[in-house]
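Chemist: Could you have a look at this structure, given as C-alpha cells, before my questions?
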C-alpha cells in the first residue's frame, strides 16, 4: 500500500486548547470514518451536527461534520472535517479513534501535496499557498493571493505553449523540408519568436529582487562608527531592547535583525558592528559582516552623530541615506543628513516615512505584475534563457537547436510541476505546517 492510497488526518486549526478544533481527513476511508464515528455522511458541502463516538459507542464530543466528495475537494479525494470543542483531551480521543480505524497522521504539507498530485493546483500555486499561510504583511498576502490564483502558472504555461509551437514548426522543418509550405521562412519565424521569448524571460528574471523584497523583506542596514547610535536606533524602531547599548565601543559584534511592518511591507532592519580602524580580532570579524550586510542591502542608513564629520562607508554599492544621530545633544548646524534622536524621538517619524516609502516603491511593481519569487524559479528561468540562446545560434545544426527548445520547455515544466522529481517536491512541501 502506497502512502498516496492511505487516508490521512491532521489538526488543521492550530494548537489546542482553543475554542474550536478542526480535524481534517482525506482519502478512501473518509466515508467509512464518518459513518462509523458520526453515524452519517452529510450531503457534500453541508454541515451537520452529530455525536462523535469512540470504539465502545461512548460520545467523545458533539460537533459539526462536513463532507467534500471527490473530486470537488481541496485534495481531489474524499475529504471530511470534524469541528470539535478545542480541548486537548477531546482532540486526543478523536485522533486515537481515527488511528484505530486505519487512518494515518498526516505529514507536513501532505494535504497540499495530494492536491498537486491530483491536479488541483500546480507547484507555483502550492508554493504561493505556503506563502499565504506564512504572510505577515499586506504586501506578502497580496503577492501570495495572486500567485495562489494562478498568476505565475498562466505566465509560465503560456511561455511553454509558445515553445511547444516552435518545436512543432522545427520538427516540421526537419521532417518535411521538401514540402513547399515548410522551409526557410518558417524556420526564420521560429528563431525570431525564440529570440523574443528569451528577451521576455530575461526581463522577467531581472525582477527577481522585487519578488524577494515582498516575500523576504526590504533590507535596511544600520552602519557607521562605534557608539554612533545604531543600536539605540534599532531598539527605538523595534520598540524593545533588541540590541545591547553601552558606552563601550564595539559592543555590537554580530548582525542583529528585527522585522518591521511599514505600510504593509516587511522591512528587515539590521544593526551591524561599528566600523573603525583599530579593533580586536572578534570585532574585525563583526566589521567584515557589517560590510557584507551593507553591500547586500536595499538601503544603508549611514549614521554619524549630529556633530560628526564626513560620513564614509567603504565597499558599499547601493542607496545610502546619511542619518545624523544624537540630535538631542547637539545643535543643528545645517550639516547634510536627517537629524534624529533615539532618546527624544526627534526625526524618527520622518525616517520611518522615508524608509517606508522606499520599501513600498520597491514592492509595488511586484504587486502590479507577475514576478519570480524564489531561487528555484530563477534557476529554471536562467536555464530557459540559456537553452533558447542555444537554439537561436545558427552556427549549430538544426537538430541541436531543436534540442535547445526541448530543454527550455522542460525547464518551464519543472517550474509548474508538469515535469517534476520527488526530491523537488519533498523540499517544497516540507515547508508546510501539519494539516495543510
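What follows draws every value from the coordinates through simple rules; no lab data is involved. Computed from a prediction, not measured in an experiment: that's the story for all the values here. All Cβ positions, even for glycine, are placed from backbone atoms using ideal geometry, and neighbour counts span all protein chains on display.
Chemist: For the chain, compute the orientation-averaged projected area of the C-alpha convex hull (one quarter of its surface), in nm². Spell out each step's value before the answer.
Modeler: Working: hull surface 120.8 nm².
Hull-based average projected area comes out at 30.2 nm².
Chemist: Provide, for q = 0.10, 0.14, 0.21 Å⁻¹, the log10 of I(q)/I(0) from a solvent-free Debye sum over equal Cα point scatterers in the range 3-120.
Modeler: -0.26, -0.51, -1.19
Chemist: Here is a further query. Choose one answer from 324, 114, 395: the residue with the largest mean-square fluctuation in a GNM of the chain with alpha-carbon springs under 10 Å.
Modeler: 395
Chemist: For a footprinting-style exposure proxy, rank 353, 219 by other Cβ within 10 Å, fewest first.
Modeler: 353, 219
Chemist: So what are the three principal axis dimensions of the range 29-184 from its Cα atoms, in whole Å, longest to shortest?
Modeler: 80, 38, 26
Chemist: Could you line up 394, 231, 51 from fewest to most neighbouring Cβ atoms inside 10 Å?
Modeler: Working: 394 10, 231 23, 51 15.
Ordered by Cβ neighbours within 10 Å, fewest first: 394, 51, 231.
Chemist: What is the mean projected area of the alpha carbon convex hull for the range 102-154, to one decimal in square nanometres? If you can, show how the numbers build up before the last one.
Modeler: Numbers: hull surface 16.7 nm².
Convex hull of Cα atoms, orientation-averaged projection: 4.2 nm².
Chemist: If I build a Gaussian network model for the chain, linking alpha-carbon pairs within less than 10 angstrom, which residue out of 111, 82, 32 has the largest mean-square fluctuation?
Modeler: Per the Cα network of the chain with a 10 Å cutoff, 32 tops the list.
Chemist: Using a Gaussian network model of the chain with C-alpha springs under 10 Å, which one of 124, 418, 373 is most mobile by mean-square fluctuation?
Modeler: Checking each option, the largest mean-square fluctuation is seen for 418.
Chemist: If you don't mind, there's one more thing I want to ask. Can you work out D for the range 355-436 in µm² s⁻¹ from Stokes-Einstein, where Rh is the Kirkwood radius over C-alpha pairs, the temperature is 10 °C and the viscosity is 1.306 mPa s?
Modeler: Working: Rh = 15.4 Å.
Answer, rounded: 103 µm²/s.
Chemist: When DSSP beta bridges are limited to those with both residues in the chain, what percentage is antiparallel, rounded to the nearest 5? Each step should come with its number before you reach the end.
Modeler: Values: 30 of 50 bridges.
If we restrict to bridges inside the chain, about 60 percent are antiparallel.
Chemist: Let me ask something else about it. Sequence gap at least 6, Cα distance under 8 Å: using those rules, report the relative contact order of the chain to the nearest whole percent.
Modeler: Numbers: 776 pairs, mean separation 73.6, N = 436.
Relative CO of the chain lands at 17 percent.
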